[in-house]
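A short worksheet on the structure shown next.
The values are calculated or read from the model by the stated rules, or taken from the named source; none is laboratory data. Model, not experiment: these values are computed from the prediction. Every residue, glycine among them, receives a Cβ derived from its backbone with ideal geometry; neighbour counts consider all protein chains shown.
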Amino acid sequence: MILIRTKKMQPALHFKNINQTTLLPMRLKTRFIGFGLALFSLVACQKIPFTTNVEKAAVQSELENFVADLSAAWPLDSAQISGHIQDYMAIEGYKFYGCAIVELDTNALATSCAYWYRSTRRSLAYADLMDPSYNINSQSWLTLPLSQGTALWSEPYFDAGGGEIWMQTYSVPIEKNGKTVGLATTDIRVKKP
């Protein structure tokens with residue numbers, strides 16, 4: 001005999017008896033629902049696939065074109081920056097995992113950073129990388145391209161606390177009137193080295 005709670009639970013607990021023949025359809029129903037949820041997870045919430053070398057070259061080219069457009073339109077407010085990132089992320093579909101645009105002060109320190117990333121293949125989410133615990137001004141994807149004055153790929157790294165995936169970041173400085181005013185990045189998913 002198995003006891004379960006009935007819907008009419010007030011201060012006192014009320015139970016009703018269920019035999020094994022009543023329990024079998026409940027088990028099948030629970031398994032069906034569990035299977036449906038698992039199937040939904042596999043189809044709708046798939047992880048972003050790994051980026052191939054050919055796709056990586058396309059990402060590099062697209063980001064460089066994107067930076068040229070940003071430079072021509074600079075300065076931008078936060079709403080314009082977010083709009084540009086979302087439009088850019090739509091170009092290559094799920095191949096771009098994330099994109100950031102960092103605004104810099106005259107000392108080449110980040111004053112703002114809009115970051116949009118794929119929470120699934122079909123949806124974008126926003127993260128504020130200016131959180132003091134992240135310490136954006138010490139991140140190599142920001143410091144190395146700025147100190148070398150050129151676009152660079154980062155080494156593969158695990159994005160702990162963010163995407164929770166292995167990724168690589170391509171960073172391109174944004175120039176306006178001969179001065180570096182920002183930096184744009186694209187993150188791609190890569191295999192663990």
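Key figures for this structure:
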read-out	value
Tabulated pairs, segment 68-88, first over 19 Å from Ser171 (Cβ atoms), second among the aliphatic types (A, V, I, L, M) and assigned to a helix (DSSP H, G or I), C-beta under 9 angstrom, 6+ apart or interchain	Gln80/Ala73
Count of residues meeting criterion [outside any loop (DSSP other than H, G, I, E, B) and touching a residue at least 24 places away in the same chain (Cβ under 8 Å)] in segment 133-152	7
Selection count, segment 104-132, where residues are aliphatic (A, V, I, L, M), more than 17 Å from the chain's Cα centre (by Cα) and not in a strand (DSSP E or B)	2
Segment 162-187, residues that are among the aliphatic types (A, V, I, L, M) and either not in a strand (DSSP E or B) or not assigned by TED's automatic domain parsing to the domain that holds Ala90 (or both)	Ile165
Residue list for segment 100-142, restricted to those being at pLDDT 90 or above, among the charged types (D, E, K, R) and surrounded by fewer than 14 Cβ atoms within 10 Å (Cβ to Cβ)	Asp105
Residue within segment 118-132 that is without any contact (Cβ under 8 Å) to a residue 60 or more places away in the chain, closer than 17 Å to Tyr88 by Cβ, touching a Pro at 6+ places or on another chain (Cβ under 7 Å) and not aliphatic (A, V, I, L, M) present	no
